[in-house]
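A short reminder: the numbers here are calculations on the coordinates, not readings from a lab. What you see is a predicted model; the values in this text were computed from it and never measured. Positions of Cβ are backbone-derived with ideal geometry, glycine not excepted, and every protein chain shown enters the neighbour counts.
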Amino acid sequence: MTREEKRLADTLSAVQGAGRVRLTLYYGETGGAFGGAKQVTGALAVAQGAGQMAVRLRLTEALETLLSLSPENVLVLEMEE
């Protein structure tokens, strides 16, 4: 995990019931008048507690909010024990 992914994963693991979290961010380039810039375009989180729907929903909402992503660009899966 990158430093940013680790920092966000640490934050997400503090969500009640989440347990350990691993995070992968996906980047794309956005065009602009002065050249492209990298921007987060998707996120995959694997969490111990994601088997519980309430935990999965809270993690998904947190990633959507923190990264300004739409729901279809966020995936939260349960971590294998």
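Residues in the range 34-65 that are within 21 Å of Glu81 (Cα to Cα) and assigned to a helix (DSSP H, G or I): Gln48, Gly49, Ala50, Gly51, Met53, Ala54, Val55, Arg56, Leu57, Arg58, Leu59, Thr60.
With Glu4, Glu80 as the choices, which residue is charged (D, E, K, R) and assigned to a loop (DSSP other than H, G, I, E, B)? Even if it seems obvious, please write down each step before you answer.
Details: Glu4 fails: assigned to a loop (DSSP other than H, G, I, E, B).
Result of the check over Glu4, Glu80: Glu80.
Among the residues of the range 24-51, those that are more than 21 Å from Arg3 (Cα to Cα) and surrounded by 15 or more Cβ atoms within 10 Å (Cβ to Cβ) comprise Gly49, Ala50. Checked against (1) part of a strand (DSSP E or B); (2) out of contact with any Asp or Glu (no Cβ under 7 Å at 6 or more places or on another chain); (3) touching a residue at least 24 places away in the same chain (Cβ under 8 Å), Leu25 meets all criteria but (2).
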